[in-house]
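First up is the structure itself, then whatever we jot down about it.
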Amino acid sequence: MAAKMLLSFAICRLIVTVGLTLNPVELLRLGVDGRLSQDPSDVKRASGDFGGLSRAEPLAVFRPESAEDVTRLVRAAYESAHGFTVSARGHGHSINGQAQTANGVVIEMSSGKRAPPPWVSEKSRFVDAWGGELWIDVLKSTLEHGLAPKSWTDYLYLSVGGTLSNAGISGQAFNHGPQISNVYELDVVTGKGELLTCSEEQNPELFQAVLGGLGQFGIITRARIALEPAPQRVRWIRVLYSNFSAFTQDQEYLISLHGRSAAQKFDYVEGFVIVDEGLINNWRSSFFSPANPVKISSLASNGGGVLYCLEITKNYDPSTAPTLDQEVDALMGKLNFIPATVFTTDLPYVDFLDRVHKAELKLRSKGLWEVPHPWLNLFVPKSRIADFDRGVFKGILGNKTSGPILIYPMNKHKWDQRSSTVTPDEDEVFYLVALLRSALDNGGETHALKYLSDQNRKILRFCNDAKINIKQYLPHYTTQEEWMDHFGDKWALFTQRKIEFDPRRILATGQRIFKPSFSPNTASW
């Protein structure tokens, strides 16, 4: 242990002395724990992300084996005379280069040999997970104990630290809140290179800052996540609407039942918009039977050529199966969907949670996954969602979407407003609208990317002109003025927390919120 500490000290002092003139390969020769690589393939992978919209090449890629490894690297960056930036990267599923850092070091939290596997406390119903652990692996570990996390994202191949740095949402958020509302404790490496444990009681300011903090205040190396008894099976139901008002009223009614007993509510509520005739049986909608295709033209005559799909589930196990049909029928009887458009299936709980990954594998087999993804995710106030429908779904989008469009409401009181996340101010209920498009069409990838990017800008401009107070989820802005507007009343606290926990502004510069406090010749923006 003493030798290890001396080695760490020597490495840190060497970086302090020579700053960015130190070639990272020298650290390899010194035997740094983990693996620091300049291999072109490693650098190339860390230079991009799922979005495919930007690239930024780091000096090196670091694969830690422990929280102490992360601490030593960040401390070295903090103490360096000339400075360098550090960015934590999970599964690389960001859209606009948020986990990139030009000429700094990318920490591959989800690669290689990692810190201890998830540890589950059956008695206290929590799991301790490494920040780079993928949610699918957290689920596998907790299911061995008959338990599962309460709140999810639609896609499970994302890192724990990555989703908690944003919020982490899916159709369970109306009931349990986002993933950040289901965390008991964190271990965080701050921008000063300090490894701190934080919770509601211990270092609470850091705890609230990091949750939804876009990586600005520290790198999550461990999260203690709340668990519940894992369901065994899921009744998965989809129904269709041509009337937007009926669709949103039913969604809002269903999420208002969040405080009821399990028998009196659904466990998951999402929706999506169908404006493209061919999209209803696409990868995310393959739920519908090809033998019984749904035709927009025959159903959407009153909806301006647009259909809306409500997607709901009810969890069950052998003990509750006998009453399942009765409970579902009672809830469905209160809804106003188009008659004869009920599509139902039953499947294991794990298969439902992992549904998007199975669709991903199909796309990969056809070469349709590795294309640019100019996604746009917005929080829209309940009071303006009808205006958004008229202006965007029935207006700007036309009859071509190039991917799924999700829309579902959430209850604001399930979100802790002390965290760094931002939601619309005016309403208790707000909607996620997620335009999950892929830049691929007959005109070619470049053409499609420009078309969809231009369309995203039109949507944002429409909201601004119509004074719809949207907030971006997974936000992307290019100026600090835009970030100030995004955070609104939280901006002063956000900047105060930045000064306290990352005073040299070396963390997560790919978000483009703050420039580093030093002026290295490697700065790219």
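Where a number appears in this text, it was derived from the coordinates with a stated rule and is not lab data. In this text the structure is predicted, and so the values were computed from the model without any measurement. Note: ideal-geometry Cβ built from the backbone for every residue, glycine included; neighbour counts use all protein chains shown.
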Original post:
When the Cα centres of the stretch 197-248 and the stretch 428-503 are compared, how far apart do they sit, in Å?
Top reply: 20 Å
Original post:
Summing Lys, Arg as +1 and Asp, Glu as -1, what charge do residues with Cβ under 12 Å from the Cβ of Val127 carry, Val127 excluded?
Top reply: -2
Original post:
Quick one: length gained pulling Glu370 to Glu200 fully straight, 0.36 nm per residue minus the C-alpha distance?
Top reply: 57.1 nm
Original post:
What is the distance, in nm, between label points placed 7 Å from the Cα along the Cα-to-Cβ direction at Glu500 and at Ser256?
Top reply: 3.9 nm
Subject >> Efficiency of FRET between Met484 and Gln417 - r from beta-carbon atoms, R0 22 angstrom, step 0.05 >> reply: 0.75
Subject >> Environment charge of Asp267, counting only residues whose C-beta is closer than 13 Å and scoring Lys/Arg +1, Asp/Glu -1 >> reply: +1
Subject >> Segment His447-Arg45, extension gain: residue separation times 0.36 nm, minus the distance between their alpha carbons >> reply: 142.3 nm
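Using 0.36 nm per residue of separation minus the Cα-Cα distance, give me the extension gain between Lys334 and Glu426 in nm, one decimal.
On the way: separation 92, 0.36 × 92 = 33.12 nm, distance 2.78 nm.
Working it through step by step, the gained length comes to 30.3 nm.
For the stretch 42-178, what relative contact order do you get, as a whole percent, if you take Cα pairs closer than 8 Å and at least 6 residues apart?
Worked out over the stretch 42-178, it gives 21 percent.
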Subject >> Dimensionless Rg ratio for the stretch 371-476, taking C-alpha atoms and the 2.2 N^0.38 Å reference >> reply: 1.11
**OP:** Can you spot the lysines whose alpha carbon is less than 18 Å from Lys471's alpha carbon? Ignore those fewer than 8 places along the same chain.
**Re:** Lys382, Lys412, Lys414, Lys458, Lys490
**OP:** Could you pull out every one of the lysines with an alpha carbon less than 24 Å from that of Lys140, ignoring same-chain neighbours closer than 8 positions?
**Re:** Lys113, Lys123, Lys150, Lys314, Lys358, Lys362
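Rounded to the nearest 20 Debye, what is the dipole magnitude of the stretch 371-476 about its Cα centre when Lys and Arg each give +1 and Asp and Glu each give -1 at the C-beta?
Details: 15 positive and 11 negative charges, 18 e Å.
My answer is approximately 80 debye.
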Original post:
In whole angstrom, how far apart do the alpha carbon centroids of the stretch 81-101 and the stretch 336-357 sit?
Top reply: 36 Å
**OP:** Compare the peptides 135-146, 171-182, 428-439 by average per-residue count of other Cβ atoms within 10 angstrom and give them in order, highest first.
**Re:** 171-182, 428-439, 135-146
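What net charge is computed for the residues neighbouring Gly213, neighbours being all others with C-beta under 13 Å from the C-beta of Gly213, Lys and Arg scored +1, Asp and Glu -1?
Working: positive: Arg418, Lys490, Arg497, Lys498; negative: Glu205, Asp416, Glu500, Asp502.
Here the count lands on 0.
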**OP:** Treating cross-link reach as a plain straight distance, find the aspartates and glutamates whose alpha-carbon is under 17 Å from the alpha-carbon of Lys192, omitting any fewer than eight places away in the same chain.
**Re:** Glu68, Asp69, Glu79, Glu205, Glu500, Asp502
